[in-house]
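The structure appears below as structure tokens.
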Amino acid sequence: MELFKKRTQQNVLIVGCGRLGSSLANILSEQNKNVTIIDIDANAFRKLSSSYGGLSLEGDGSDIDHLMYAGANQADVLIAATDDDDTNIMIGQIARQVFGIETVLVRLYDTSKQVAYENLGIISICPANLSIDEFKRHVMSEELKAV
């Protein structure tokens, strides 16, 4: 008889229900992840699809009490996707240091802030760098076709 049942679904907490956060919440919900999304503006949840099966909580995702209420203490992954780099960084630090969340991802617009947080075990994703890489890939591809 098994006394402790192993969790099979990943718990994902997303802070920020803009275009990025809502898209991730919709995709992860479709993949049967346990998703909770927090946003300070209840109107932001309109971006979620009608098939979204997770929780939506109105609140400040940089507030420890709101994160606790959202289940940060049981989260496997936290994604900070607000439109403010400093807020995302603060949320990421809280997630790692207060709640011990193993996988923490933050969106950063300012590429100069990216290196500073690698040592904290926080994965930063910078849209500018992703765009540059994609443009370079296409330019290199065109150069190879011309040869």
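Summary table below
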quantity	calculated
Considering residues of segment 80-93 that are open to solvent by less than 20 Å² (accessible area, probe 1.4 Å) and of a type in the set (V, I, T) only, the residue nearest to V35 (Cα to Cα)	I91
Residue match in segment 109-130 (condition: open to solvent by less than 60 Å² (accessible area, probe 1.4 Å), of a type in the set (V, I, T) and closer than 14 Å to L13 by Cα)	no
Qualifying residues in segment 131-147 (those that are under 31 Å from the mean Cα position of the chain (by Cα), charged (D, E, K, R) and open to solvent by 90 Å² or more (accessible area, probe 1.4 Å)) - the one modelled with the highest pLDDT	K136
Candidates N88, N73, N43 - the one that is farther than 21 Å from I123 by Cβ and of a type in the set (S, T, N, Q)	N43
Hits in segment 72-83 - residues which are in contact with a Gly (Cβ under 9 Å, 6 or more places away or on another chain) and either in a strand (DSSP E or B) or not hydrophobic (A, V, I, L, M, F, W, C) (or both)	N73, L78, I79, A80, T82, D83
Filtered residues of segment 27-49 (kept if closer than 23 Å to V98 by Cβ, of a type in the set (A, V, I, L, M, F, W, C) and open to solvent by 50 Å² or more (accessible area, probe 1.4 Å))	I40
Residue ID - farthest from L28 (Cα to Cα), chosen from residues in segment 50-77 that are buried (at least 16 other Cβ atoms within 10 Å of the Cβ) and of a type in the set (S, T, Y)	S62
Cross-chain or 6+ apart pairs with Cβ under 6 Å, segment 98-109 first and under 17 Å from Q74 (Cβ atoms), then aliphatic (A, V, I, L, M) and in a loop (DSSP other than H, G, I, E, B)	I101/A75
Qualifying positions in segment 94-103 - under 16 Å from V35 (Cβ atoms) and either open to solvent by 20 Å² or more (accessible area, probe 1.4 Å) or touching a Gly at 6+ places or on another chain (Cβ under 6 Å) (or both)	T103
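Condition check ((1) closer than 19 Å to D84 by Cα; (2) touching a His at 6+ places or on another chain (Cβ under 8 Å); (3) part of a loop (DSSP other than H, G, I, E, B)) across all residues:
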{"residue": "Q9", "(1), (2), (3)": "no, no, yes"}
{"residue": "V12", "(1), (2), (3)": "no, no, no"}
{"residue": "G21", "(1), (2), (3)": "yes, no, no"}
{"residue": "L24", "(1), (2), (3)": "yes, no, no"}
{"residue": "S29", "(1), (2), (3)": "no, no, no"}
{"residue": "I38", "(1), (2), (3)": "yes, yes, no"}
{"residue": "A44", "(1), (2), (3)": "yes, no, no"}
{"residue": "S50", "(1), (2), (3)": "no, no, yes"}
{"residue": "D65", "(1), (2), (3)": "no, no, no"}
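The values are calculated or read from the model by the stated rules, or taken from the named source; none is laboratory data. Since the structure is predicted, the reported quantities are computational estimates derived from the model, not experimental observations. All Cβ positions, glycine included, derive from the backbone under ideal geometry; neighbour counts span all protein chains shown. Side chains are part of the model used for accessible areas, which takes the heavy atoms of the whole protein and leaves out ligands, DNA and RNA. Shrake-Rupley method; radii C 1.70, N 1.55, O 1.52, S 1.80 Å.
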